[in-house]
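Working notes, structure below.
The values are calculated or read from the model by the stated rules, or taken from the named source; none is laboratory data. Fair warning: this is a prediction, and the values are worked out from it, not measured in the lab. Here the Cβ is made from the backbone with ideal geometry for all residues, glycine too, and neighbour counts use every protein chain on show.
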Amino acid sequence: MKELFMNRSSWQRYWKSLKFSMYCITHPLDGFWDLTHEKRGTYAAANTILILTLIARIAQLRFTSFVFLRVYWEEINIFLYLSSILFPLALFVVGNWALTTLFDGKGRLGQVYMATCYCLVPYPLIQFPLMIFSNFVTVDEAEFYTVINGLSLVWCALLIIAAMGQIHEYSLAKNILFMVASLFAMLVIVFILMLFFSMISQGVAYFISLGKEFLFRL
Amino acid sequence: MKRLLKRIGALALCTVVFAGSTMVTCAKDRSYTYNYDFWEDVQDSPDFYTVGEVYTSKDFGLETRLKAPQGLFVRDNFVYICDTGNNRIIKLEKEGKDKFDVVQIIDEFYGIENNTFSGPTDVAVNAEGEYFIADKGNSRVVKLDKDLNFMLEFVKPDDSTLDEEIVFQPNKLAIDTAGRVYCISTGINKGLIKYENDGTFSGFVGATRVSFDWTDYIQKKLATQAQREKMVSFVPTEYDNIYMDSEGFVYACAGSLDEDALRSESADALRRLNLMGNDILVRNGDFPIYGDLYWGEGGGIKGPSYFADVTALDNKVAICLDKNRGRIFGYDDQGKMMFAFGGNGGIAGYFRQNAAVAIEHIDNELLVLDQLDCSITVFRTTEFGETVYKAMKLFDDGEYDASGEAWTKAMQINGNYDLAYIGIGRSLLRQEKYREAMDYFELKYDEDNYSKAFKQYRKQWVEDHIGVIVVVLVLLFAIPGAIGKVKSIKHEIEIADIFKLQ
């Protein structure tokens, strides 16, 4: 562990892979092919991007002008708020991998995660300057904000589609088909999770009442 | 919408994370007067109006007690009550601060055969003292001169689109300065019936919108003939009451509206109609104008507020009376809620369900007619209410400094009063103190006014710092350019032949 942190070349590799994300978002097809096949991406960089995205998401609450974003602080739960990114991300990664692995997808779970994180780059990249920008515009100029804000999301979405095609080595049609299928896979997972949680809570409630009854009789 | 987003966001995550756990909410007692903040949360408020006095037949000194009175009208110091159950109109004069004297009891008039009333429901009096009385039972509106001589009669409109069999039952009326009569008749939903000053019918104006959406359409397509007949037909709702304001516009309120239509804002509980019948009510509030935002259910009372009557003060504050919960709602000229107060009950200031039927005002005092208790409740402004009205008036008069001070006082009395903050901001804006104004607007999420202030502030700032901005911009372009230049010169020197070491 110590070696890893002290090692100059590992830092260099990390920095290079982080810089490579810039190449990925501008040259998605070439970039995402190299990401896994040429091993130019690292988990460290992927995690960094994800953390930056999360920070952007939270910083938005505080630093975006109230003209565009009003925050009802009483009901903000920072963990729930973060999970609004983390949860769909996890769902997508697992759902996509679980599905594509059955249909000749070449990407492994870790690679799907890494590529998806690399796809998130436009979000912090645009959102941080946008936060500052939002404080310098009036309602009349709100269109600029909305367009740029939308752009950051659309860009991410297009990148994800491109990335998945390259990672799994799919043709365009097959890729799009499996993107749609992944969304359904996500829904199925949500359904199963809800089922699971309600079953567990029912089960727990049963044993709790059993225990109560037991204590009551004693 | 905001509320919905809030809920959905919380709910979606809650279902996943805390499936199984239940949320407990508890009802909280709230103050007599309340208001909603930007987030549509209920905010307790000090009283805007308090009960001055409750007057019954005994207080007026009437021999025959009032019986189910329906209509109320005020001109100058005179108050007219339509004593519907006793087929008469009672004219009262307000003496001093809290005394009403009976001036006249009108139960018949002169000039024609049929000279008594049958269940008169509304009365209006013009500046010349001429009476317009909606004589519902006799299917007519009569116009009398000030000595009660018959002048005109307004009868069922002669209109081919109107069902022959409908009995004309004029329920509420309003008159304009030109002597035109606007009338609501039970069972006629084409809008207000408008008569010219000579008694001729000149058309229907301002029919309420028909609420209809695509789900209704699909449902109707799929339904059988029998089912279709049982469905609610899509017809405009009738207005419940009208009020002619001091500028000659008609405020019209409708009570029996569909809950979903209200929520989706496809139906209006309150409208302000111009002569053409177009709705010109300003709706700049954070939430629509339909009284209570949260309806609840209990004690046999449910559903939205039922606006039975409306009155508008001279400063364009529209005050609506909800007969369902016995509440009174005030909206300013921008359609923002100023106050809400009242409730169901038997004590002064509260009304039983369906009891409060008419509201009028003398200056800023409110008069509410209770048809079950046969009484008139007078509401007077408190210090808080007085301050707010004063601040609004000063602002309209262009005295922005004084207005700002009055709003500050209102804010000190009620720290949860959004309008006070926005009022202070607006007066600061007029005084060209943009930076301070921005802070006040930001506190209460008023983005339009904030943008106005910010635009000026930004302009001022740029003008003040134009030198610095130019220098920074020049440097921004010049420095990279210069660095590039230096580098290329360096490069040229390095590769130049003459410096090559032999």
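Which ones in region B:301-322 are among the polar types (S, T, N, Q) and in contact with a strand residue (DSSP E or B) (Cβ under 8 Å, 6 or more places away or on another chain)?
B:Ser305, B:Thr311 - these are the residues of region B:301-322 that are among the polar types (S, T, N, Q) and in contact with a strand residue (DSSP E or B) (Cβ under 8 Å, 6 or more places away or on another chain).
For region B:419-433, state whether one or more residues are of a type in the set (A, V, I, L, M, F, W, C), more than 14 Å from chain A (Cβ to nearest Cβ) and more than 21 Å from B:Asn284 (Cβ to Cβ).
No, region B:419-433 contains no residue that is of a type in the set (A, V, I, L, M, F, W, C), more than 14 Å from chain A (Cβ to nearest Cβ) and more than 21 Å from B:Asn284 (Cβ to Cβ).
Among the candidates A:Ser201, A:Ser134, which residue alone is hydroxyl-bearing (Ser, Thr, Tyr) and within 11 Å of another protein chain (Cβ to nearest Cβ)?
Testing whether each residue is hydroxyl-bearing (Ser, Thr, Tyr) and within 11 Å of another protein chain (Cβ to nearest Cβ) leaves just A:Ser201.
Can you find a residue in region A:173-190 that is away from chain B (no Cβ under 13 Å), without any contact (Cβ under 8 Å) to a residue 24 or more places away in the chain and farther than 30 Å from A:Trp33 by Cα?
Checking region A:173-190: not a single residue is away from chain B (no Cβ under 13 Å), without any contact (Cβ under 8 Å) to a residue 24 or more places away in the chain and farther than 30 Å from A:Trp33 by Cα.
Find all pairs meeting these conditions: Cβ atoms under 9 angstrom apart; at least six residues apart or on different chains; first residue within region A:63-90 and within 9 Å of chain B (Cβ to nearest Cβ) and surrounded by fewer than 17 Cβ atoms within 10 Å (Cβ to Cβ); second residue in a helix (DSSP H, G or I) and among the acidic types (Asp, Glu).
A:Arg70/B:Glu447
Which residue pairs have Cβ atoms closer than 6 Å, lie 6 or more positions apart in sequence or on different chains, and pair a first residue in region A:140-165 that is within 14 Å of chain B (Cβ to nearest Cβ) with a second residue that is assigned to a helix (DSSP H, G or I) and of a type outside the set (Lys, Arg)?
A:Tyr145/A:Ser134
From the list B:Thr387, B:Thr408, exactly one residue is at pLDDT 95 or above, in contact with a helix residue (DSSP H, G or I) (Cβ under 8 Å, 6 or more places away or on another chain) and either surrounded by fewer than 20 Cβ atoms within 10 Å (Cβ to Cβ) or part of a strand (DSSP E or B) (or both). Which is it?
When all the criteria are applied, what remains is B:Thr408.
Looking at B:Thr84, is it surrounded by 20 or more Cβ atoms within 10 Å (Cβ to Cβ) and of a type in the set (S, T, N, Q)?
yes
May I ask you to list pairs of residues, at least six apart or on different chains, whose Cβ atoms are under 8 Å apart, with the first in region B:489-502 being at pLDDT below 75 and the second being aliphatic (A, V, I, L, M)?
B:Phe499/B:Ile493
(1) in a helix (DSSP H, G or I); (2) surrounded by 16 or more Cβ atoms within 10 Å (Cβ to Cβ); (3) away from chain A (no Cβ under 14 Å): which one isn't true of B:Asp401, the others all being true?
If we test B:Asp401 against (1) in a helix (DSSP H, G or I); (2) surrounded by 16 or more Cβ atoms within 10 Å (Cβ to Cβ); (3) away from chain A (no Cβ under 14 Å), just (2) comes out false.
Quick one: in region A:144-158, of everything that is under 16 Å from A:Thr26 (Cβ atoms) and surrounded by 14 or more Cβ atoms within 10 Å (Cβ to Cβ), which residue is nearest to the chain's Cα centre (by Cα)?
Checking each candidate, the answer is A:Cys156.
Tell me, please, whether a residue that is in contact (Cβ under 8 Å) with a residue 60 or more places away in the chain and out of contact with any Asp or Glu (no Cβ under 6 Å at 6 or more places or on another chain) can be found in region B:255-264.
Step one: list which residues in region B:255-264 are in contact (Cβ under 8 Å) with a residue 60 or more places away in the chain, which gives B:255.
Adding the requirement that they be out of contact with any Asp or Glu (no Cβ under 6 Å at 6 or more places or on another chain) leaves none.
Within region B:255-264 (the criterion being in contact (Cβ under 8 Å) with a residue 60 or more places away in the chain and out of contact with any Asp or Glu (no Cβ under 6 Å at 6 or more places or on another chain)), the answer is no, since none of the residues qualifies.
Sort through A:Tyr206, A:Tyr145 and tell me the only one that's in a helix (DSSP H, G or I) and farther than 30 Å from B:Tyr450 by Cα.
Sole residue among the options that is in a helix (DSSP H, G or I) and farther than 30 Å from B:Tyr450 by Cα: A:Tyr206.
Could you grab me the full set of residues in region B:342-384 that are among the basic types (Lys, Arg) and not in a loop (DSSP other than H, G, I, E, B)?
The one that is among the basic types (Lys, Arg) and not in a loop (DSSP other than H, G, I, E, B): B:Arg380.
Are any of the residues in region B:288-307 in contact with an Asp or Glu (Cβ under 8 Å, 6 or more places away or on another chain), of a type in the set (Asp, Glu) and modelled with pLDDT under 90?
No, the conditions are met nowhere in region B:288-307.
Say whether the condition of being in a strand (DSSP E or B) and of a type in the set (Lys, Arg) is met by at least one residue in region B:77-92. Don't jump to the end; show me each part of the working.
Our first condition is that a residue be in a strand (DSSP E or B); within region B:77-92, this holds for B:78-83, B:88-92.
The next check asks that each one be of a type in the set (Lys, Arg); those that pass are B:88, B:91.
Scanning region B:77-92, I find at least one residue that is in a strand (DSSP E or B) and of a type in the set (Lys, Arg), so the answer is yes.
Quick one: which residue in A:Leu18, A:Leu35, A:Leu50 is under 30 Å from A:Asn175 (Cβ atoms), at pLDDT 95 or above and in a helix (DSSP H, G or I)?
The match here is A:Leu50.
Yes/no per residue for (1) surrounded by 12 or more Cβ atoms within 10 Å (Cβ to Cβ); (2) among the hydrophobic types (A, V, I, L, M, F, W, C):
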site	(1), (2)
A:Ile160	yes, yes
A:Tyr170	yes, no
A:Ser182	yes, no
A:Ile189	yes, yes
A:Ile192	no, yes
A:Gly211	no, no
A:Arg217	no, no
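Does at least one position in region B:148-157 carry a residue that is under 22 Å from B:Tyr251 (Cβ atoms) and among the polar types (S, T, N, Q)?
No: zero hits.
Return the residues of region B:455-502 that are more than 30 Å from B:Phe441 (Cβ to Cβ), basic (Lys, Arg) and part of a helix (DSSP H, G or I); say none if nothing qualifies.
B:Lys485, B:Lys487, B:Lys490 - these are the residues of region B:455-502 that are more than 30 Å from B:Phe441 (Cβ to Cβ), basic (Lys, Arg) and part of a helix (DSSP H, G or I).
Kindly indicate whether B:Val123 is assigned to a loop (DSSP other than H, G, I, E, B) and among the β-branched types (Val, Ile, Thr).
no
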